[in-house]
Amino acid sequence: MMTNLFSVFDPSAIFNFSLNWLSTFLGLLMIPSIYWLMPSRYNIMWNSILLTLHKEFKTLLGPSGHNGSTFIFISLFSLILFNNFMGLFPYIFTSTSHLTLTLSLALPLWLCFMLYGWINHTQHMFAHLVPQGTPAILMPFMVCIETISNIIRPGTLAVRLTANMIAGHLLLTLLGNTGPSMSYMLVTFLLMAQIALLVLESAVAMIQSYVFAVLSTLYSSEVN
């Protein structure tokens, strides 16, 4: 039963090569087409979202945000948001439900932040290991705790996004599999529950992409 349940997340292979992962890059073809057309309400809405994110990320990054570094995190938000929404459509592979993709996004960013911080701001990074006002007897323990919390950051970023995507898709799959064995009235309530859950998953898709981008921005601001 568990194998059949989780099989919805398995990429199908053709000639020993999984074409499902190509859905990750469809945004490179579809999103820029918005700017080739006449201005529309969708174009205006998307631009206002990006402008709001740019202002917020610039505030979080501080002085370094004026060098265009906010566009990295805006692109990250757009990529994750597009893939989260693509996974809500039938028969489309959800790449963000796999640690292969989420770790590939979180781990290189975290490594770059750590290398930049320890090479260029060594004293600041050492000072960050001991919060201000910590008693001297607790300083060794705080160094261990802060070191562990820094090390697990890419894992928490990746697992948070993957777990939220998997949980919603599993609920939708479970509700869909129980439909044929129910009566007509129960199927009506089941359909309403699936619609409500789909709306909830749409909100989760937006929130998780925003959380991933904001936490990445905060991790970047700590090393400056």
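The values are calculated or read from the model by the stated rules, or taken from the named source; none is laboratory data. Since the structure is predicted, the reported quantities are computational estimates derived from the model, not experimental observations. Cβ: placed from backbone, ideal geometry, glycine included. Neighbour counts: every protein chain shown.
With respect to the conditions (1) part of a helix (DSSP H, G or I); (2) among the polar types (S, T, N, Q); (3) over 28 Å from the mean Cα position of the chain (by Cα), residue 202 falls short on a single one, namely (3). Filtered by the rule that a residue be farther than 20 Å from residue 217 by Cα and of a type in the set (Val, Ile, Thr), the stretch 43-95 gives 44, 92, 94.
If you filter the stretch 20-47 down to residues that are hydroxyl-bearing (Ser, Thr, Tyr) and surrounded by 12 or more Cβ atoms within 10 Å (Cβ to Cβ), you find that the one that is modelled with the lowest pLDDT is 23. Can you run down the residue pairs with Cβ atoms below 7 Å, 6 or more apart or on separate chains, where the first is in the stretch 196-208 and within 21 Å of residue 156 (Cβ to Cβ) and modelled with pLDDT of 90 or more and the partner is surrounded by 14 or more Cβ atoms within 10 Å (Cβ to Cβ) and hydrophobic (A, V, I, L, M, F, W, C)? Going by the 7 Å Cβ cut-off, the qualifying pairs are 205/81; 205/85; 205/88; 206/81; 208/161.
Name the residue, out of 77, 113, 85, that is modelled with pLDDT under 90 and closer than 30 Å to residue 166 by Cβ. Exactly one residue qualifies, and that residue is 85. Out of 158, 167, I need the residue that is surrounded by 14 or more Cβ atoms within 10 Å (Cβ to Cβ), among the aliphatic types (A, V, I, L, M) and closer than 26 Å to residue 22 by Cβ. Which one? Only one candidate qualifies: 158. Among the residues of the stretch 66-86, those that are under 12 Å from residue 214 (Cβ atoms) and within 9 Å of the chain's Cα centre (by Cα) comprise 76, 77, 80.
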